[in-house]
Amino acid sequence: MRNHRIFIVEDDKKIARLLADTLRKYQYDVAIVEDFDNVEAECSAFDPHLILLDINLPSYDGYYWCRQLRQTTTCPIIFISARSGDMDQVFALENGGDDFITKPFHYEIVLAKIRSHLRRAFGEYAPSQGERTVKLGSLELFIERMELHLRDEAIPLQKKECVILELLMESSPKVVSRETLLEELWDDQSFVDENTLNVNMTRVRKKLTDYGVQSVIETVRGSGYRFLVAPEES
């Protein structure tokens, strides 16, 4: 069985080394970023299964690098930071992160979260192999590619946009509750403001509108959201 690869983006050399040494004891392949101006290139070359990402970094912060990395990878990204404010955690998730661990941390917590995310992405809880798609009317969602295809046009998506569309399109014409969306989008809802979901839904709607797809996401007051089938081109 292949070892999972973990890429560490941490400018505190002591913490990065201790993390790497601990992970290697558990048979993970580990790489630590060397050039903080070329995080994306080093990450792409290593092709990790999971990324540990600090927020306070030289040149650009972790939020920036998370957005950049999300253009090329759907692997789990766990933020590890000394910042402990609610909004720091919200920004981390809003910019493409999957989880947040506050420093100082227990290595057992880090290992448990890594195992959990790897199981979801690649292990026993992972979807079956083969490209997953959801088709409704003239729209087809390519989940692994994070693309929504409208006939011959491909609409690029951010991770959370893709998750929202997957849930709504798979459930159509049924309503998807706000609670279900929050649960799928964020592992820990305790610090997620209700308005955060509204912001994400607005972004999805705007992106669809920009590509000429209008009024396909209906707000069902007091319940959640429903995806209305986009009509086929006549």
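The values are calculated or read from the model by the stated rules, or taken from the named source; none is laboratory data. This one's a predicted model, so the numbers in the text were calculated from it and none came from an experiment. Note that we place each Cβ from the backbone using ideal geometry, even for glycine, and neighbour counts take in every protein chain shown. Remember, those area values only see protein heavy atoms, side chains included, never the ligands or the DNA or RNA. Shrake-Rupley method; radii C 1.70, N 1.55, O 1.52, S 1.80 Å.
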(request) Could you figure out which of (1) assigned to a loop (DSSP other than H, G, I, E, B); (2) basic (Lys, Arg); (3) open to solvent by less than 30 Å² (accessible area, probe 1.4 Å) isn't true of Lys160? (result) (1)
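Considering only residues of the stretch 42-60 that are without any contact (Cβ under 8 Å) to a residue 40 or more places away in the chain and open to solvent by less than 60 Å² (accessible area, probe 1.4 Å), which is farthest from Val110 (Cα to Cα)? Let's see the steps before the verdict.
Taking the stretch 42-60 as the starting set, the residues that turn out to be without any contact (Cβ under 8 Å) to a residue 40 or more places away in the chain are 42-45, 55, 59-60.
Filter once more, so that each one left must be open to solvent by less than 60 Å² (accessible area, probe 1.4 Å): 42-43, 55.
Numbers: Glu42: 22, Cys43: 20, Ile55: 16 Å.
By that ranking, first place goes to Glu42.
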(message) For the list (1) surrounded by 19 or more Cβ atoms within 10 Å (Cβ to Cβ); (2) within 15 Å of Leu19 (Cβ to Cβ); (3) of a type in the set (A, V, I, L, M, F, W, C), I need the number of the one condition that Ile109 fails.
(response) (1)
(message) For the stretch 3-21, which positions are in contact with a helix residue (DSSP H, G or I) (Cβ under 9 Å, 6 or more places away or on another chain) and farther than 21 Å from Gly97 by Cβ?
(response) Leu18
(request) Out of the residues in the stretch 65-90 that are farther than 19 Å from Leu50 by Cα and without any contact (Cβ under 8 Å) to a residue 40 or more places away in the chain, state the one that is most open to solvent (accessible area, probe 1.4 Å). (result) Met87
(message) Step by step: first the residues of the stretch 74-99, then only those that are among the β-branched types (Val, Ile, Thr) and farther than 15 Å from Val9 by Cα, then the one that is modelled with the lowest pLDDT. Which residue is that?
(response) Thr74
(request) Please work out which residue is nearest to Ser172 (Cα to Cα), limiting yourself to the stretch 187-234 and to residues that are at pLDDT below 85, in contact with a Ser or Thr (Cβ under 8 Å, 6 or more places away or on another chain) and not acidic (Asp, Glu). (result) Val229
